[in-house]
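Accompanying notes for the structure given below.
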Amino acid sequence: MGTISVNEMKTLLHVYFIMGSNNCYNDPKEVLTKAIEGGATLFQFREKGTNALVGKEKVLFAKELQHICKQYGVPFIVNDDVDLAIELNADGVHIGQDDESAGIVRRRIGEGKILGVSTHHLDEVKRAIEQGADYVGIGPVFATVTKEDAKAVRGTVLIREVREKGLSIPIVGIGGITEQNAKVVMEAGGDGVSVITAISQAENPLETTKRLAEVVFLNSKQ
Ligand SMILES: Nc1nc(C(F)(F)F)ncc1COP(=O)(O)OP(=O)(O)O
Ligand SMILES: [Mg+2]
């Protein structure tokens, strides 16, 4: 199987739920199930930070969430941990600027897997494209409560800049995104929004995801 098409990747990025065990008050398996039933189009397993699971517990937890994604046909992406992604035969990986280079990770996972890269400047976006990324995460768009070492809030400046340069790489915004502010990400040229807290700590993850999906759909360029 070759790399995913740009249009298919853009569709998958519409409502990109990201979660780890330490992002939830309630049962993470229940939260993920509700988010998918509410319309989440892609899931990223991001187990890191305070009280994150490690070792065998992390692998078992990842397998449980991967099983839920498989039941609903939602691709399962692993953050940072390329070895775990390969071990689980995950649908892809997401790496940051401090991880292995995108070129090396692309060679390790092969052409048929999804490769996402975090970017904060135009040169990082161009390098990600050259090295085989299927999408880029751009942020933090708004202040984030989740990522302890987040970079400066950038708004949608870089999303606009990438589009003004005529680059069609699929883009997902990240950082403090909610149903109230998701529209600006789409208007700037984003293909979707990635969300942790707004869904993982929602009173009703299904309804919250549904409303977020509606905002994205109404403002999607596709
Ligand atoms: N995890 C992410 N997912 C995305 C996605 F595009 F998928 F929305 N964009 C950005 C990040 C942040 O990635 P990174 O800079 O490595 O930090 P961390 O590993 O702490 O998440
Ligand atoms: Mg990372």
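Scan the range 10-48 for residues that are among the hydroxyl-bearing types (Ser, Thr, Tyr), open to solvent by 10 Å² or more (accessible area, probe 1.4 Å) and under 11 Å from the mean Cα position of the chain (by Cα) and jot them down. Within the range 10-48, Thr41 is the sole residue that qualifies. Remark: pairs (first residue in the range 188-205, closer than 20 Å to Gly49 by Cα and touching a residue at least 60 places away in the same chain (Cβ under 8 Å); second residue within 16 Å of ligand 2 (Cβ to nearest atom) and not in a strand (DSSP E or B); Cβ separation under 6 Å; 6+ apart in sequence or on different chains) = Ile196/Asn23; Ile196/Thr146; Thr197/Thr146; Ser200/Asn23.
Is it the case, given these coordinates, that Thr33 is more than 16 Å from ligand 1 (Cβ to nearest atom) and of a type in the set (Ser, Thr, Tyr)? Here the answer is yes, as Thr33 does meet what is asked.
Counting only strands (runs of 3 or more DSSP E) that sit wholly inside the range 75-145, those with at least 1 residues that are more than 25 Å from Ser21 (Cβ to Cβ) are 114-119, 135-138.
From the list Asn89, Asn51, Asn7, which one is open to solvent by 70 Å² or more (accessible area, probe 1.4 Å), closer than 22 Å to Ile171 by Cα and either of a type in the set (A, V, I, L, M) or away from ligand 2 (no atom under 15 Å from the Cβ) (or both)?
Asn7 is the lone residue from the list that is open to solvent by 70 Å² or more (accessible area, probe 1.4 Å), closer than 22 Å to Ile171 by Cα and either of a type in the set (A, V, I, L, M) or away from ligand 2 (no atom under 15 Å from the Cβ) (or both).
Look at the range 75-87: where a residue is touching a residue at least 40 places away in the same chain (Cβ under 8 Å) and closer than 20 Å to His14 by Cβ and a partner is of a type in the set (Lys, Arg) and not in a helix (DSSP H, G or I), sitting 6+ places away or on another chain with Cβ atoms under 7 Å, you get Asn79/Arg46.
Under the condition of being farther than 20 Å from Ala150 by Cα and within 15 Å of ligand 2 (Cβ to nearest atom), the residues counted in the range 115-139 number 2. Candidates in the range 92-103 are the residues that are open to solvent by less than 60 Å² (accessible area, probe 1.4 Å) and more than 7 Å from ligand 1 (Cβ to nearest atom); of these, the one that is nearest to Asn79 (Cα to Cα) is Val93.
Against the list (1) under 16 Å from Ile18 (Cβ atoms); (2) in a helix (DSSP H, G or I); (3) touching a helix residue (DSSP H, G or I) at 6+ places or on another chain (Cβ under 7 Å); (4) away from ligand 1 (no atom under 15 Å from the Cβ), the condition Gly39 fails is (2). Residues considered: Thr50, Thr3. Of these, the only one that is of a type in the set (Val, Ile, Thr), in contact (Cβ under 8 Å) with a residue 24 or more places away in the chain, within 14 Å of ligand 1 (Cβ to nearest atom) and not in a helix (DSSP H, G or I) is Thr50. Selection over the range 54-80 of residues that are open to solvent by less than 30 Å² (accessible area, probe 1.4 Å) and in contact with a strand residue (DSSP E or B) (Cβ under 7 Å, 6 or more places away or on another chain) gives a count of 10. Scanning for something open to solvent by 70 Å² or more (accessible area, probe 1.4 Å) and over 30 Å from Asp27 (Cβ atoms), does the range 191-214 turn up at least one residue? No, the range 191-214 has no match at all. Exactly one residue out of Gly166, Gly175, Gly110, Gly137 is more than 25 Å from Glu47 (Cα to Cα) and either in contact with a helix residue (DSSP H, G or I) (Cβ under 6 Å, 6 or more places away or on another chain) or not charged (D, E, K, R) (or both), and it is Gly166.
The values are calculated or read from the model by the stated rules, or taken from the named source; none is laboratory data. Since this is a predicted model, take the numbers as computed values, not measurements. FYI the Cβ positions are ideal-geometry reconstructions off the backbone, even for glycines, and counts take in every protein chain you see. Protein only, heavy atoms only, side chains kept; ligands, DNA and RNA dropped before computing areas. Shrake-Rupley method; radii C 1.70, N 1.55, O 1.52, S 1.80 Å.
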